[in-house]
1. In terms of solvent-accessible area of protein heavy atoms at a 1.4 angstrom probe, what is the ranking of K29, K55, highest value first?
2. What residues qualify as long-range amide H neighbours of I53, i.e. H under 5 Å apart, gap of 5 or more or another chain, H built at 1.01 Å from N?
3. Using a 1.4 Å probe on the protein heavy atoms, what percent of the accessible area of the chain belongs to carbon and sulfur?
4. Normalised by the residues of the chain, what does the relative contact order come to in percent, with Cα pairs under 8 Å and at least six apart?
5. What does the charge count around I48 come to, taking other residues whose C-beta lies under 13 Å from its C-beta (Lys +1, Arg +1, Asp -1, Glu -1)?
6. If you plug each phi of the stretch 24-40 into the Karplus form 6.51 cos²θ - 1.76 cosθ + 1.60 with θ = phi - 60°, what whole-Hz ³J(HN,Hα) values come out, in order, with x for Gly and Pro?
7. What value in Å³ per residue do you get for the convex hull of the alpha-carbon atoms in the stretch 1-48?
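The values are calculated or read from the model by the stated rules, or taken from the named source; none is laboratory data. Not measured: the values here are computed from a predicted model. Quick reminder, even Gly has a Cβ in these numbers, built from the backbone with ideal geometry, and neighbours come from all protein chains shown. Side chains are part of the model used for accessible areas, which takes the heavy atoms of the whole protein and leaves out ligands, DNA and RNA. Shrake-Rupley method; radii C 1.70, N 1.55, O 1.52, S 1.80 Å.
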Amino acid sequence: MTIVDKLMAWESGDLEFPETLELFSELIKVGTAWQLQGHYGRVASVLIDNGYISKTGEILKTEWND
């Protein structure tokens, strides 16, 4: 699945939480999270602020209740 496919799946609500983390991890690692429309950056920031993904894009926890 390409990054575009993943973005489309996320926007359609077709990604599970672990897949969403993988997508945003990738977007953060390459800096795209901050270049796309504002919603992506805001979601990336929430995932970072809540300890799911590091500022460098590493996945830190994979479940909502971790």
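1. On the way: K29 115, K55 170 Å².
Largest accessible area first, the residues go K55, K29.
2. Those qualifying (amide H under 5 Å, at least 5 residues apart or on another chain) are I48, L60.
3. Details: 2170 of 4260 Å².
In the chain, the share of accessible area belonging to carbon and sulfur is 51 percent.
4. Working: 52 pairs, mean separation 19.8, N = 66.
Computed value for the chain: 30 percent relative contact order.
5. Values: positive: K29, R42, K55, K61; negative: D49, E58.
Taking every other residue near I48 into account, the sum is +2.
6. Once rounded to whole Hz, the list reads 6, 4, 5, 4, 5, 4, 9, x, 5, 4, 8, 9, 6, 3, x, 4, 5.
7. Details: hull volume 3.5 nm³, N = 48.
Looking at the stretch 1-48, the number lands at 72 Å³ per residue.
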